[in-house]
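Working notes for the structure below.
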Amino acid sequence: MSLPHINPTTTKAWQALGAHFAETQADSINDYFAQDPKRAEKFSLAWEDFFLDYSKNKINETTLSLLIDLAKEVGLEEGMKAYFKGDAINQTENRAVLHTALRAPKTASIFVDGENVVPEVHAVKASVRQFVEAVISGTHKGYTGKTITDVVNIGIGGSDLGPAMVVEALKYYENHLKVHFVSNVDGDHTQEVLKGIDPETTLFVVVSKTFTTQETISNATTIKEWFLQSAQPEDVAKHFAAVSTNIPAVTEFGIHPANVFPMWDWVGGRFSLWSAVGISIALAIGYDGFEDLLAGAHAMDTHFKEAPMAENMPVLMGLVSVWYNNFHGAETEALIPYTQYLARFAAYLQQGVMESNGKHVDRTGKGLDYQSGTIVWGEPGTNSQHAFFQLIHQGTKLIPTDFIGFKKALHGKTDHHDKLMANFFAQTEALLQGKTEETVKNELECKGMSAEEVARLLPFKVFPGDKPTNTLLIEKLSPKTLGSLIALYEHKIFVQGLIWNIFSYDQWGVELGKQLAGNILKEIQNNAIGNHDASTANLLKLYKQ
Ligand code: F6P
């Protein structure tokens, strides 16, 4: 079954949402709270260790019910069935989109081209477990008989961002292995990582779905050459492993078949951390921890599949975001985790969200006359408060913001955690309430300022408030809750792509830059600059001088 292709703007719900927007545009969230004492309760949702409060949004009950009508009219339910069932919903590449199969239990049956993929997924998982446990326990030795102390993941995009984000996020749970990441083709990146490691005790994992990505192959080649300065070619087998769908290319690169872990074309790079691509995560926290991450994601999959729309976290978050993107004209969304461990979360989701939903034609190939993918960005709180929060509070742009916080501190430093969380709660409250003229006036008068001085400062100190936020309050950061959190945002991407009538699982736009870079590289190396626009030609000339 292919995905429905309904232009959302032609639905009754869209028309109704347009009219509803015109009526409610000027409403204030603060008034909504004043009118309904049960608002916080009504617009919140508890699921397992998660609590989502979405009451501080520019929505009322009508908004929500119209958004749910929209989801129904564009065929979200049918789309979800096709997604989970393994239908080729990535139609421009004729592929299924089955990262959910990677975290499905052994007993599940999910078919791709008539074949149940679950047994193969579990067979690969068993071989990853065996390899990972041999490295962690020290039975897998390096070429001089020493145990492995460091792991370097060589990959880019989905073959880097997911593992790098999760390894950082779960640092509290890490074992003795130090895990490093090399992604950029910038030789300085490789050099800096190589500076701190010893070839005798380092394992290199080359991760590339296609095994043709320029950055990864260049970095892997440079690193292999560096390794061979002190080791022999036969030692590569003990120090290099790979994850790819392109087994012939991996073999040609010289990695021992026993250290090669397959993945499948039905796993998109940006959703691949659940496959053997996540091997560096398993190495960092142990295979059981990796399984907990998968279990958390699977629990969110089940919630998404089974919960009614009005109680479905990914659906609600996706719909509220569509409301801002398509009706309020918000261009971006911020993601602010209140934990330093999630420092890479926004960067990771930038690929997930923007590579998926940054599309300009619909599922019939027709140009969109409405907005698709949002721009996502963010940094952890409280650092971000001292950096860009000013613009969210008092700037002219509407920036719906997700606040992600945890009830428990991992290191048990209660005083720090209370301070962190006080900021977490205070920010959403400040964004909501703002600061009225009256309050500012009182404050200034109490400081003994003259009436003139008060009048002069007033406009600068007043906050309009009414800035929308979602609050996700999670019990504690663990492999399981992190798995659920990532899956929540993955499904939000699906919901939005389905509504926007776009294909979320291809990424043709990134190909052009790769092709041009290939051509330019040849020109640079052959000292023969070809035909370019005047600006590029001039820049290339300057580079070559
Ligand atoms: O930049 C595009 C992209 O294809 C991403 O989608 C992907 O995650 C990344 O490159 C890396 O690709 P590969 O895993 O094939 O090296």
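As a test of the formula, what do you get for the chain when each DSSP H run with n ≥ 4 contributes -39,500 (n - 2.57) and the sum is divided by the residue count, at 222 nm and rounded to the nearest 500 deg cm²/dmol?
Calculated mean residue ellipticity at 222 nm is -14000 deg cm²/dmol.
With a point put 7 Å past each Cα toward its Cβ, work out how far Cys446 is from Ala258 in nm, to one decimal.
7.3
Quick one: pull the percent of accessible area on the range 1-151 belonging to carbon and sulfur, 1.4 Å probe, ligands and nucleic acids left out.
Carbon and sulfur: 51 percent of the exposed surface of the range 1-151.
Just to be sure I follow: if Rg is taken over the C-alpha atoms of the range 1-44 and Rh is the Kirkwood radius over the same atoms, what is Rg/Rh?
1.20
Order of 232-238, 379-385, 279-285 by packing, highest average Cβ count within 10 Å first? Mind showing how you got there, number by number?
Details: 232-238: 14.0, 379-385: 19.3, 279-285: 27.3.
Output ranking for 232-238, 379-385, 279-285: 279-285, 379-385, 232-238.
Pop out the Kirkwood hydrodynamic radius of the range 241-340 from its pairwise C-alpha distances, inverse of mean 1/r, in Å to one decimal.
Details: mean 1/r = 0.0590 Å⁻¹.
Result for the range 241-340, one decimal place: 17.0 Å.
If you wrap a convex hull around the Cα atoms of the range 417-478, how much volume per residue is inside, in Å³?
95
In a Debye calculation with equal point scatterers on the alpha-carbon sites of the chain and no solvent, what is log10 I(q)/I(0) at q = 0.08, 0.09, 0.11 Å⁻¹?
So the normalised log intensities work out to -0.59, -0.74, -1.05.
How compact is the range 124-241 by the rule of thumb for globular proteins, expressed as Cα Rg over 2.2 N^0.38 Å?
Rg over 2.2 N^0.38 Å, computed on Cα atoms: 1.02.
Counting only other residues whose beta carbon sits under 11 Å from that of Arg39, what net charge do I get with K and R as +1, D and E as -1?
Computed value for this residue: -2.
Taking all protein chains together and a probe of 1.4 Å, list Trp274, Trp226, Trp508 from the most accessible to the least accessible.
Greatest to least solvent exposure: Trp508, Trp226, Trp274.
Accessible area, 1.4 Å probe, largest first: how do Thr436, Thr107 sort?
Thr107, Thr436
Percent of Cα-Cα pairs per 5 Å bin, from 0 to the last occupied bin, for the range 345-418, please list those.
So the P(r) values, bin by bin, are 3, 11, 16, 17, 16, 14, 9, 6, 3, 2, 2, 0.
Projecting each Cα onto the charge dipole of the chain (Lys/Arg +1, Asp/Glu -1 at the beta carbon, about the Cα centre), which of Val510, Thr221, Ser356 comes out farthest on the positive side?
Thr221
Run the 1.4 Å probe and let me know the accessible area of His411, rounded to the nearest 10 Å².
The accessible area comes out at roughly 130 Å².
Need one number: nm distance between label points at His532 and His122, each 7 Å from Cα along Cα→Cβ, rounded to one decimal.
Going from the His532 label point to the His122 one covers 5.4 nm.
Quote to one decimal, in nm, the extra length available between Thr302 and Lys72 on full extension: 0.36 nm per residue of separation minus the C-alpha distance between them.
This chain segment gains 80.9 nm when fully extended.
Projected onto the charge dipole of the chain (+1 at Lys/Arg Cβ, -1 at Asp/Glu Cβ, origin at the Cα centre), which of Ile247, Ile6, Val495 gives the Cα projection farthest towards the positive end?
With unit charges placed on the Cβ atoms, the residue in question is Ile247.
With no solvent and one equal point scatterer placed on each C-alpha of the range 380-431, evaluate the Debye formula and give log10 I(q)/I(0) for q = 0.17, 0.19, 0.21, 0.30 Å⁻¹, two decimals.
Log10 of I(q)/I(0), two decimals: -0.56, -0.67, -0.79, -1.30.
Quick one: net charge of Leu432's neighbours, Cβ under 15 Å, K/R +1, D/E -1?
-2
Express in % the proportion of alpha carbon pairs of the range 85-155 at distances exceeding 18 Å.
Working: 1411 of 2485 pairs.
Of all Cα-Cα pairs in the range 85-155, 57 percent lie more than 18 Å apart.
Tell me which of Leu294, Ser484, Thr439 sits at the most positive position along the dipole axis of the chain, charges placed on C-beta atoms (Lys, Arg +1; Asp, Glu -1).
In the chain, that residue is Leu294.
Considering only protein heavy atoms, what per residue accessible area in square angstrom results for the chain with a 1.4 angstrom probe?
Per residue, the chain has an accessible area of 44 Å².
Got a number for carbon plus sulfur as a percent of the range 408-545's accessible area, 1.4 Å probe?
Accessible surface attributable to carbon and sulfur in the range 408-545 totals 56 percent.
Students often get this wrong, so check it: of Lys209/Lys476; Lys407/Lys480; Lys141/Lys480; Lys178/Lys305, which have C-alpha atoms separated by over 27 Å?
From Lys209/Lys476; Lys407/Lys480; Lys141/Lys480; Lys178/Lys305, over 27 Å: Lys209/Lys476; Lys141/Lys480; Lys178/Lys305.
Nearest 10 degrees is fine. How inclined is helix 451-461 to the longest principal axis of the chain, computing both from alpha carbons?
Here the helix axis deviates by roughly 40 degrees.
Count the net charge of all other residues whose Cβ sits under 10 Å from the Cβ of Tyr341, scoring Lys and Arg as +1 and Asp and Glu as -1.
Spelling it out: positives minus negatives among the neighbours equals +1.
Length gain on complete extension for the stretch Gln35 to Glu23, per 0.36 nm per residue less the alpha carbon to alpha carbon distance?
Working: separation 12, 0.36 × 12 = 4.32 nm, distance 1.68 nm.
Difference between extended and current length: 2.6 nm.
With +1 assigned to the C-beta of every Lys and Arg and -1 to the C-beta of every Asp and Glu, and no other charges, what is the dipole magnitude of the chain about the Cα centre in debye, to the nearest 20?
Taking the Cα centre of the chain as origin, the dipole is about 420 debye.
Which lysines have a Cα less than 17 Å from the Cα of Lys441, not counting those fewer than 8 places away in the same chain?
Partners found: Lys461.
How long is the range 1-154 along each principal axis, judged by its Cα atoms, biggest number first, in Å?
Its Cα atoms span 73, 39, 30 Å along the three principal axes.
Which links in Lys397/Lys467; Lys42/Lys435; Lys125/Lys146; Lys146/Lys171 stretch past 19 Å when you go from one Cα to the other? Write down the numbers at each step before the final one.
Numbers: Lys397/Lys467 10 Å; Lys42/Lys435 26 Å; Lys125/Lys146 26 Å; Lys146/Lys171 24 Å.
Correct reply: Lys42/Lys435; Lys125/Lys146; Lys146/Lys171.
Per the Kirkwood definition applied to all pairs of different Cα atoms, how many angstroms is the hydrodynamic radius of the range 340-496?
Radius from the Kirkwood sum: 18.5 Å.
The values are calculated or read from the model by the stated rules, or taken from the named source; none is laboratory data. Fair warning: this is a prediction, and the values are worked out from it, not measured in the lab. Glycine gets a Cβ as well: all are built from the backbone with ideal geometry, and neighbour counts include every protein chain shown. Just the protein is used for accessible areas: all its heavy atoms, side chains included, with ligands, DNA and RNA removed. Shrake-Rupley method; radii C 1.70, N 1.55, O 1.52, S 1.80 Å.
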